[in-house]
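Coordinate-derived values only; no laboratory data. These figures come from a predicted structure and were not determined experimentally. So basically every Cβ, Gly included, is an ideal-geometry build from the backbone, and we count neighbours across all protein chains shown.
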Amino acid sequence: MVQMIGRGMRLSAGKSDCHVIDMVGSVKTQGVVTAPTLFGLDPNEIVTEETADGLRKRAEEWKRIKELEEEELLQNGTHPIFHG
C-alpha cells in the first residue's frame with residue numbers, strides 16, 4: 001500500500017492530483033466497493049458505461065429521492081422512529 005501511494009505522489013509532468021481510496025475492511029461493512037458505491041449510489045443498482053460526472057448526478061438524484069421518501073414517512077407517521 002505504501003509503495004502504491006509513493007508512486008502516486010511521485011512528481012511527474014502533467015500530473016497534479018493523486019487520489020487514494022482506502023477500501024480495507026469495506027467489504028465487511030458495506031459490501032463490494034464499486035465506482036457507483038463510491039459516489040453513494042445503491043450497491044444493487046447496475047450502472048454501465050457512465051462517466052464520473054454522470055455518477056455524481058445520479059448520486060445527487062438518488063439522495064434527493066431518499067430525502068423525499070424520508071420526509072413522506074415522517075409526515076405519514078410511519079417512520080421507524082415512531083415505532084422504535
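Run lengths n ≥ 4 of DSSP H only: what is the helix-derived mean residue ellipticity at 222 nm for the chain, with -39500 (n - 2.57) per run over all residues, to the nearest 500?
-15000 deg cm²/dmol
Need one number for the chain: average projected area of the convex hull over its C-alpha atoms, nm².
Mean projected area of the Cα convex hull: 8.6 nm².
Could you tell me which of Val47, Ser12, Val24 has its Cα farthest along the dipole of the chain towards the positive end, charges placed at Cβ (Lys, Arg +1; Asp, Glu -1), taken about the Cα centre?
The residue sitting most towards the positive pole is Ser12.
Using Cα atoms only, what is the angle between the long axis of helix 52-76 and the major principal axis of the chain, expressed in degrees (0 to 90) to the nearest 10?
20
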